[in-house]
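Undergrad: First the structure, then my questions, so here it is.
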Amino acid sequence: MYASREDIGYDFGNDSKVGSKPIKPNPNIDGGWAWMIVLSSFLVHILIMGSQMALGILNMEWLEEFNESRGLTAWVSSLSMGITLIVGPFIGLFISMCGCRKTAIIGGILNALGWILSAYASNVHYLFLTFGVTAGIGSGMVYLPAVVMVGQYFQKRRALAQGLSTTGTGFGAFLMTALLKYLCTEFGWRNAMFIQGAISLNLCVCGALMRPLSPKDVVSEKYVVRSNSEDNQAKALSHSAETIKSNGVLSEELEKKEEATNEEVLDSVQHTETGGKSRSGRNMYGLRILKTVSQLTVTVRKGFAVWYSSYFGAASLFTNRVFVAFIIWALFAYSSFVIPFIHLPEIVKQYNLSSQNNVFPLTSIIAIVHIFGKVILGIVSDLPCISTWNVFLMANFTLVTCILSLPLMQTYVSLAVVCALIGFSSGYFSLMPVVTEDLVGTKHLANAYGIIICANGISALLGPPFAGWIYDITHKYDFSFYISGLLYMVGIIFLLIQPCIQKKQPREKSTEEAQV
């Protein structure tokens, strides 16, 4: 097991030069503007994740309006939620090229456009394109930058910051449910979606708050992490770290060559522009356009190179075995959290507990406790003597135990207790960006977390239909929870096995050298 979060982390480049000269930390890291980033991310979670958890209100309106089957209509919400997460790796490309701020602003416009166009839907298939795809992609373009920016601005209190920002999901579930219900009652569902589209334009404001850190700030941030990690004696991932570092040096050399080539292109354009000052204004206008296009081309090529090297190059993220195990875990984990939200109402009906559930729904218990779970787990993980990785694993073990035991509970009180534990332990979602950053470093957080939420999106998209298919065969929901819980346990086992393998490899290598 890891002794501290720094033992998990490794960078994709040689930081020896960075650690040689102390640099004064930026006051905005772990303070100052960093809390504005938390506020921005909090609002993003309210407007995006909260709205998606309140889509049940619109789903009932769509069923009544279009008279389609429940399964077909439900795909509108599933597509929106799934695509928001699945497009993560491609959003990482936009972040590499444009930065978090521009990506989030464009995503806010696209999300609002999806809501507004959906107000004119004539059938469910129209909603697949406008709401499922358009609004879903826009949501993904805002969600990933919101998480990445918090990781960039915080080091000492990352878990707490991520916990506070992601509580917007729980608050948004309550606020957006009440808002959409009111709007649908007063103005109809079409006008409600139009108004919600206008509200979603506030995502552009949230994106504007995502002020990027300067290169000096990033260097300062790396130095602080390096100086703190020198005192740690556990080196569980030393083998993979050395491999990635060597690959990172090669990638840096390629980047330097690329930058040199790009500078030559810009210099030639600037020289042409200087020599053409004596020409007509029309030619000067054309040269400025050429210069702008050249700069844009350089930015796109550089961003694509970083994105490509993260996935397919010598410094690929997939060379880290623990990160690959983390992806496998993500493929099974998220569905175990989504399935109770989908099938709990039916379980309540089977046990004749509808009257009690109407007073205080079990799903509301999960949502409320989920908010406190994120904050409390974030505070605990930031304690100096506590390992974030250990807290993350303990929360996962608690959640999988609750999922497996849920079908055994047949009274409202027992179900409420298990649901409360599910809500609290699922607060580990706020630790996912922290663990990801510890695994790959801040530089590759956008691409790495994009892969993780993509795996979560696949899990969220396929998990509930799979559980429904199991019910159609067995006519019981018990097996749905058992199978999802066992698959979840497989993912956790992968997380436990890989660190042990990483520990053994350096020792085996040193033994062989001693024999030689």
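Undergrad: Run the dipole for segment 317-507 about the Cα centre, Lys and Arg Cβ at +1, Asp and Glu Cβ at -1, nothing else charged, and hand back the magnitude in debye, nearest 20.
TA: My answer is approximately 440 debye.
Undergrad: Could you look at segment 28-211 and say what percent of its accessible area is carbon and sulfur, using a 1.4 Å probe and all protein chains?
TA: The C+S portion of the solvent-accessible surface of segment 28-211 is 68 percent.
Undergrad: Might you tell me the accessible area per residue for segment 28-211, computed with a 1.4 Å probe and given in Å²?
TA: Accessible area per residue, segment 28-211: 37 Å².
Undergrad: What is the magnitude of the charge dipole of segment 28-211 about its Cα centre, with +1 placed on the Cβ of each Lys and Arg, -1 on the Cβ of each Asp and Glu, and no other charges, expressed in debye to the nearest 20?
TA: 680
Undergrad: Can I ask one more? May I ask for the Rg/Rh ratio of segment 317-507, computed from Cα atoms with Rh as the Kirkwood radius, given to two decimals?
TA: Working: Rg = 17.4 Å, Rh = 17.4 Å.
With Rh from the inverse mean 1/r over Cα pairs, Rg/Rh is 1.00.
Undergrad: So how do TRP329, TRP75 rank on accessible area, 1.4 Å probe, biggest first, that is with the largest at the start?
TA: Per-residue accessible area, sorted high to low, gives TRP75, TRP329.
Undergrad: LEU404: accessible area at probe 1.4 Å, nearest 10 Å²?
TA: 50
Undergrad: Then there is this: Could you look at segment 317-507 and say what percent of its accessible area is carbon and sulfur, using a 1.4 Å probe and all protein chains?
TA: 73
Undergrad: Further, regarding this structure: Where does each of TYR428, TYR143 land when they are ordered by accessible area, with a 1.4 Å probe and the largest first?
TA: Sorted descending by solvent-accessible area, the residues read TYR143, TYR428.
Undergrad: Past the 24 Å Cα-Cα mark, which pairs from LYS374/LYS476; LYS156/LYS443; LYS102/LYS181?
TA: LYS374/LYS476; LYS102/LYS181
Undergrad: Provide the FRET efficiency to the nearest 0.05 for the ARG211-LEU353 pair, computing r from the beta carbons and using R0 = 41 Å.
TA: It comes to 0.25.
Undergrad: Now for a different question. Ignoring ligands and nucleic acids, what accessible area does PHE424 show with a 1.4 Å probe (Å², nearest 10)?
TA: 80
Undergrad: Using protein chains only and a probe of 1.4 angstrom, how many square angstrom of MET394 are accessible, to the nearest 10?
TA: MET394 has an accessible surface of roughly 130 Å² with all protein chains in place.
The values are calculated or read from the model by the stated rules, or taken from the named source; none is laboratory data. Because the structure is a prediction, the values reported are computed rather than measured. Cβ sites come from the backbone with ideal geometry, for glycine too, and all protein chains shown count toward neighbours. Areas reflect the complete protein model, heavy atoms only, side chains present, ligands, DNA and RNA absent. Shrake-Rupley method; radii C 1.70, N 1.55, O 1.52, S 1.80 Å.
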